[in-house]
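Novice: Sharing a structure with you now.
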Amino acid sequence: MRTVRRLRRSELPADTVALARYLIGKTLSHDAPEGRTSGRIVETEAYVVGDAAAHAFRGQTARNRSLFLRRGHAYVYFIYGNHYCLNVSCLPDGTPGAVLFRALEPLVGIERMAVARGALIANSKQLKLLTSGPGRMAQAFGVTRERDNGKDFFDTKSDLIIVDDGHRVRKIEATPRIGITKAADLPWRYLVHGNLFVSR
DNA sequence: ATATCGATTATCT
DNA sequence: GATAATCGATATG
């Protein structure tokens, strides 16, 4: 009998980069009014204190204020006039650190993800396009700033949670982060080696 | 297969 | 006014 359980806030690694690695292989689950979607976390990135690539680098603003919430809160931002991206805050109240969820392997609610993405699932290539990338997975899961920014992943009533379903990843790989211009050389992107749903 | 570019808007300079 | 933690479309080899 395999154990499936929600993660507890107290078990999260204290360090942002360690948390990015820790979350690989866990499951993100969203209980939306339309139904449940869940997926295996296969790609993350860490954004740390003093990081020139981090949204909090120049201090707290209206946009990034949920980065400063106690670890375990959702930071959802809107980018390029098109896309939402989902993060989890990592550090004690008042200190900004985040892990960006970049890609998921769909597990539950695949048909709803396709509807949300306005896509078909005729083959594995198109299946990959559901959740491979931060904007795509947010859209597939119905995550928006209006609905989800500031949510606590670890509140007992939260509809956005992180689960350990007992799955263990064979090999976790670290690479430089994607899509940034500053501090682009640091290897703070984590992914499941060889997984189809990793972006790029 | 890789390269380049336009979309579209909140946010900050 | 410029930029952005992206995506999808188009062009070219």
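Novice: Describe numerically, in nm with one decimal, the distance between label points set 7 Å from Cα along Cα→Cβ at A:Thr175 and at A:Leu120.
Specialist: 2.9
Novice: Summing -39500 (n - 2.57) over the DSSP H runs of n ≥ 4 in chain A and dividing by its residue number, what mean residue ellipticity at 222 nm do you reach, to the nearest 500 deg cm²/dmol?
Specialist: On the way: 5 runs with 35 residues, N = 200.
Helices in chain A give a 222 nm mean residue ellipticity of -4500 deg cm²/dmol.
Novice: Would you mind telling me which residue in A:Leu67, A:Leu86, A:Leu107 has the biggest mean-square fluctuation in a Gaussian network model of chain A, where springs connect alpha carbons within a distance under 10 angstrom?
Specialist: A:Leu107
Novice: Follow-up question, since we're still on this one. Taking the dipole about the Cα centre of region A:5-192, with the C-beta of Lys and Arg at +1 and of Asp and Glu at -1, give me whichever of A:Gly118, A:Val163, A:Leu19 is farthest to the positive side.
Specialist: A:Gly118
Novice: Can you classify region A:102-147 as rounded, prolate or oblate using the Cα gyration tensor, where a ≥ b ≥ c are the square roots of its eigenvalues, rounded means a/c under 1.5, and otherwise it's prolate if a/b beats b/c and oblate if not?
Specialist: Working: a/c = 1.95, a/b = 1.53, b/c = 1.27.
Prolate is the answer for region A:102-147, as a/c is 1.5 or above and a/b outweighs b/c.
Novice: What is the projected area of the convex hull of the Cα atoms of region A:5-192, averaged over all directions, in nm²? Kindly include the intermediate steps, with their values, before the conclusion.
Specialist: Values: hull surface 41.5 nm².
Average projection, Cα convex hull of region A:5-192: 10.4 nm².
Novice: Still on this model: Do any trypsin sites (Lys or Arg not before Pro) in region A:72-170 lie in a loop, going by DSSP, with at most 12 other beta-carbon atoms within 10 Å of their beta carbon, and if so which? Display every interim value, and only then the final one.
Specialist: Numbers: sites: A:Arg102, A:Arg112, A:Arg117, A:Lys125, A:Lys128, A:Arg136, A:Arg145, A:Arg147, A:Lys151, A:Lys157, A:Arg168, A:Arg170; in loops: A:Lys151, A:Lys157, A:Arg168, A:Arg170.
Of the trypsin sites (Lys or Arg not before Pro), the ones in loops of region A:72-170 whose Cβ has at most 12 other Cβ atoms within 10 Å are A:Lys157, A:Arg168, A:Arg170.
Novice: Report the residue, chosen from A:Ser89, A:Ser124, A:Ser66, that carries the largest GNM mean-square fluctuation when chain A is represented by alpha-carbon nodes joined by springs under 10 Å.
Specialist: Highest fluctuation of the listed residues: A:Ser124.
Novice: Lysine pairs in region A:5-192 8 or more apart or on different chains: how many have alpha carbons under 24 angstrom apart? Walk me through the intermediate numbers first.
Specialist: Working: A:Lys26/A:Lys125; A:Lys26/A:Lys128; A:Lys26/A:Lys151; A:Lys26/A:Lys157; A:Lys26/A:Lys171; A:Lys125/A:Lys171; A:Lys128/A:Lys171.
Eligible lysine pairs with Cα atoms under 24 Å apart amount to 7.
Novice: Along the Cα→Cβ direction, 7 angstrom out, place labels at A:Met1 and A:Val49. What is the inter-label distance in nm?
Specialist: 4.3
Novice: With the crude spin-label approximation of a point 7 Å out along Cα→Cβ, what separation in nm comes out for A:Phe78 versus A:Lys157?
Specialist: In this crude label model, A:Phe78 to A:Lys157 measures out at 2.7 nm.
Novice: Among A:Phe153, A:Phe68, A:Phe78, which one shows the highest mean-square fluctuation when chain A is modelled as a Gaussian network with alpha-carbon springs under 10 Å?
Specialist: Taking springs between Cα atoms under 10 Å, the residue moving most is A:Phe78.
Novice: Please state the charge dipole magnitude for region A:5-192, taken about the Cα centre, from unit charges on C-beta atoms (+1 on K and R, -1 on D and E), reported in debye and rounded to the nearest 20. Present the calculation step by step, with values, prior to reporting the outcome.
Specialist: Values: 29 positive and 19 negative charges, 33 e Å.
Using Cβ point charges on Lys, Arg, Asp and Glu, region A:5-192 gives about 160 debye.
No value in this document is a laboratory result; all are computed from the given coordinates. Because the structure is predicted, anything quoted here is derived from the model rather than measured. When we count neighbours, we look across all protein chains shown, and the Cβ atoms used for this are built from the backbone with ideal geometry, even at glycine.
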